[in-house]
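Some notes on the structure that comes next.
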Amino acid sequence: MTRKHRTLLTLLTAVLTATAAPMVAPGTAEAATGGRACLFLDKEGARIAGRTYGHVAWAIRDPKNTNHWIWGATEGYKGKLHIAAGDYNGSWIKGGTWDGLRRSIKRDGRHRAGYYDAYRCINTASGDLKAAQRTYNNMKDNGYDIGFNNCLTKSIAIFRKYSPSLSSKHLPDGRGVPPRNYFATTLDHARGWEKARTY
């Protein structure tokens, strides 16, 4: 090998080492650094008058501690289409590791309401867990409406407070959109969302 070839090889190695991103296996993107928001879909959720609208749960990662997540959902209550502000609307929140999240948001293997079929995520440069938690706390008692103040719209509000970079281009308005349609179609046309993954 000539001196010129050795010099080119050294330069090429330096460039590749400096710019190459670490390889992440398809199921392990949760281990990357920075903010991350995920939406979980229960296709069988919210069955009303013989039609299934779907249900979603949300999750966000602590950018300062990538082993820590918070997650939750608004379940509604006893099939009610509208719940007045101040009344119980089935909102809940938890915190812990990704494995704890996956045990909490249970996999659907037999098409059961209350079990989740798939999830999809988006990475963010940063994230504010406290702002997201304040938003959750403000919404947990603000009622429920099947079309305009539901599991999806509350998830979107939490995501937007967590990361203002999740503007309408990345996170379109979900008012009046069935959660299963939003998950499967709306997010396909939004910027930055990964493809849906099954458990």
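Structure notes:
- The figure for LYS106 is an accessible area of roughly 100 square angstrom, using a 1.4 Å probe on the protein chains alone.
- Once backbone amide H atoms are built at 1.01 Å from N, SER165 has no partners under 5 Å, excluding neighbours fewer than 5 places away on the same chain.
- Largest to smallest accessible area among GLU75, GLU194 [probe 1.4 Å]: GLU75, GLU194
- Computing FRET efficiency as 1/(1 + (r/R0)^6) for ALA49 and GLU194, where r is the C-beta to C-beta distance and R0 is 45 Å, gives about 0.85.
- Taking all pairs of distinct alpha-carbon atoms in segment 38-85, Kirkwood radius in angstrom: 12.7 Å
- Nearby lysines by direct alpha-carbon distance to LYS94 (threshold 21 angstrom, same-chain neighbours under 8 apart not counted): LYS64, LYS106, LYS130, LYS140, LYS154, LYS161
- Fraction of accessible area attributable to carbon and sulfur, segment 111-189 (%, probe 1.4 Å): 49 percent
The values are calculated or read from the model by the stated rules, or taken from the named source; none is laboratory data. Remember, predicted model here, so these are calculated numbers, not experimental data. Using ideal geometry, Cβ is built from the backbone for each residue, glycine included, and neighbour counts are taken over all protein chains shown. Just the protein is used for accessible areas: all its heavy atoms, side chains included, with ligands, DNA and RNA removed. Shrake-Rupley method; radii C 1.70, N 1.55, O 1.52, S 1.80 Å.
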